[in-house]
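Engineer: Structure below; questions to follow.
The values are calculated or read from the model by the stated rules, or taken from the named source; none is laboratory data. Not measured: the values here are computed from a predicted model. Don't worry about glycine lacking a Cβ; one is built from the backbone with ideal geometry, like all the others, and counts go over all protein chains shown. Areas reflect the complete protein model, heavy atoms only, side chains present, ligands, DNA and RNA absent. Shrake-Rupley method; radii C 1.70, N 1.55, O 1.52, S 1.80 Å.
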Amino acid sequence: MFRSVIFKRDARSGYIKRFSAKQIAAQAGVGLATVDRVLNDRGNVHRLTVQKVTKAIEELESQYQLSLMRGRTFYFDLLMDTPSRFSQQVKDAFLWVLPQMSPYKIRVRFRFFERISAFDMVEEVMKTTARQCHGLVLKAPNLPEVSRAVNAVSEQLPIVTLVTDIPDSKRLAYIGMNNHSAGQTAAYLLAQWLPVSESRILCPLSDHTFHGEEERLAGFLSVLARYPYLSVIDASGGKGLPLDTERRIKDCIESDNAVSGVYSIGGGNRAILRAFEALGRENPVFIAHDMDDENRDLLNQFKIHAVIDHKLRDDARAALQFLLNHYRRTPLINGYQSSINVVTPFSQSLR
């Protein structure tokens, strides 16, 4: 068996057991005698040749690790508290990315809930450890009990939060856009499009317990403070679900004729517009989030003015890469954040 100070120095002596001198010579494009001199530190070998042999061994090791990955299947769960229109969008993004993750064998299991209590969400998070699961992608409310559940489960497997964060938990990473900046962008657009006169803007959140939505609202209010003639009405509580959202919007605008703008933070946009129509009101200047089928259709009909979007496929890929990195299967991603894109009715992607 060959020995070498090269491998003693970087603790890689196991490589010699895996690869024969013939394999190393073929990978490096040098002769067997040269490999023998390098591995046994016999001298009389040019420095560049030593580097070539060392690099060849590193390449063989990388390929060996890839072959090991092909034999292992990773099971990742995607657990979300969200309306079905958004969960379908996220599911499509993950299914689009999965075939591109070769050579990894990844199976994603989808666990989606439109209505789920905090207690049941905690139960869903905790039961992840009872499944054959290697990682969890989570969209859940930012509540103390959910955070504690994340902390408990993260002792056994990695967790990343998607779209909305649980910042005080031990999650591995947050995957999504800067929601504070997204809210600032929405405020800037509405201030340009609304008349310079006193008017009010509806801000429907699906639920104040989602950190991402709270961040959007905070960013929105920070910019809107520059425009004292614009004020905000909190129209939260519809969970982004059609009937609940329509009912909530009607309650807010029925006796208020000054509402002329909407920043839809939590979704349910067709229901919001139905509420305006049912009360005989003109469509407001309308900013929405996410390029789902509903928003694409409303944009094409010029019923909403712009959609703040981010690339869910990029988010899906980043989430999987963070989980794989936990198992040392991919390089660490530094500073990932989704780009913020403003889509109008004239964007080519709509047609």
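Engineer: List the pairs whose first member sits in segment 248-271 and is free of Cβ contacts under 8 Å to residues at least 40 places away in the same chain and part of a helix (DSSP H, G or I), whose second member is buried (at least 24 other Cβ atoms within 10 Å of the Cβ) and of a type in the set (Ser, Thr, Tyr), and whose Cβ atoms are under 8 Å apart, counting only residues at least 6 apart or on separate chains?
Structural biologist: Note: pairs meeting the criteria are ALA271/THR245.
Engineer: What are the residues in segment 193-222 that are farther than 22 Å from ASP256 by Cα and surrounded by fewer than 18 Cβ atoms within 10 Å (Cβ to Cβ), if any? Full working, then the answer.
Structural biologist: Of all residues in segment 193-222, those farther than 22 Å from ASP256 by Cα come to 207-216, 218-219, 222.
ASP207, HIS208, THR209, ALA218, SER222 - these are the residues of segment 193-222 that are farther than 22 Å from ASP256 by Cα and surrounded by fewer than 18 Cβ atoms within 10 Å (Cβ to Cβ).
Engineer: Further question: Which of (1) surrounded by fewer than 18 Cβ atoms within 10 Å (Cβ to Cβ); (2) part of a loop (DSSP other than H, G, I, E, B) is the odd one out, the single condition GLY240 does not satisfy?
Structural biologist: If we test GLY240 against (1) surrounded by fewer than 18 Cβ atoms within 10 Å (Cβ to Cβ); (2) part of a loop (DSSP other than H, G, I, E, B), just (1) comes out false.
Engineer: Also: When you go through SER147, SER169 one by one, which is the residue that is open to solvent by 10 Å² or more (accessible area, probe 1.4 Å), in a loop (DSSP other than H, G, I, E, B) and at pLDDT 95 or above?
Structural biologist: Exactly one of SER147, SER169 is open to solvent by 10 Å² or more (accessible area, probe 1.4 Å), in a loop (DSSP other than H, G, I, E, B) and at pLDDT 95 or above, namely SER169.
Engineer: Something else now. Which ones in segment 107-128 are basic (Lys, Arg) and within 18 Å of the chain's Cα centre (by Cα)? Break it down stepwise before answering.
Structural biologist: Step one: of segment 107-128, the residues basic (Lys, Arg) are 107, 109, 111, 115, 127.
ARG107, ARG109, ARG111, listed by residue number.
Engineer: Right, next: Restricted to segment 275-327, and to residues that are within 19 Å of the chain's Cα centre (by Cα) and charged (D, E, K, R), which residue is farthest from LEU202 (Cα to Cα)?
Structural biologist: The selected residue is ARG317.
Engineer: Follow-up. In this structure, is SER255 modelled with pLDDT of 95 or more, polar (S, T, N, Q), open to solvent by 50 Å² or more (accessible area, probe 1.4 Å) and out of contact with any strand residue (DSSP E or B) (no Cβ under 9 Å at 6 or more places or on another chain)? Lay out the reasoning, then the answer.
Structural biologist: Details: modelled with pLDDT of 95 or more: no; polar (S, T, N, Q): yes; open to solvent by 50 Å² or more (accessible area, probe 1.4 Å): yes; out of contact with any strand residue (DSSP E or B) (no Cβ under 9 Å at 6 or more places or on another chain): yes.
So SER255 fails the test.
Engineer: I've got another one for you. For TYR75, work out the one condition from (1) in a strand (DSSP E or B); (2) without any contact (Cβ under 8 Å) to a residue 24 or more places away in the chain; (3) not basic (Lys, Arg) it doesn't fulfil.
Structural biologist: That leaves (2) as the condition not met.
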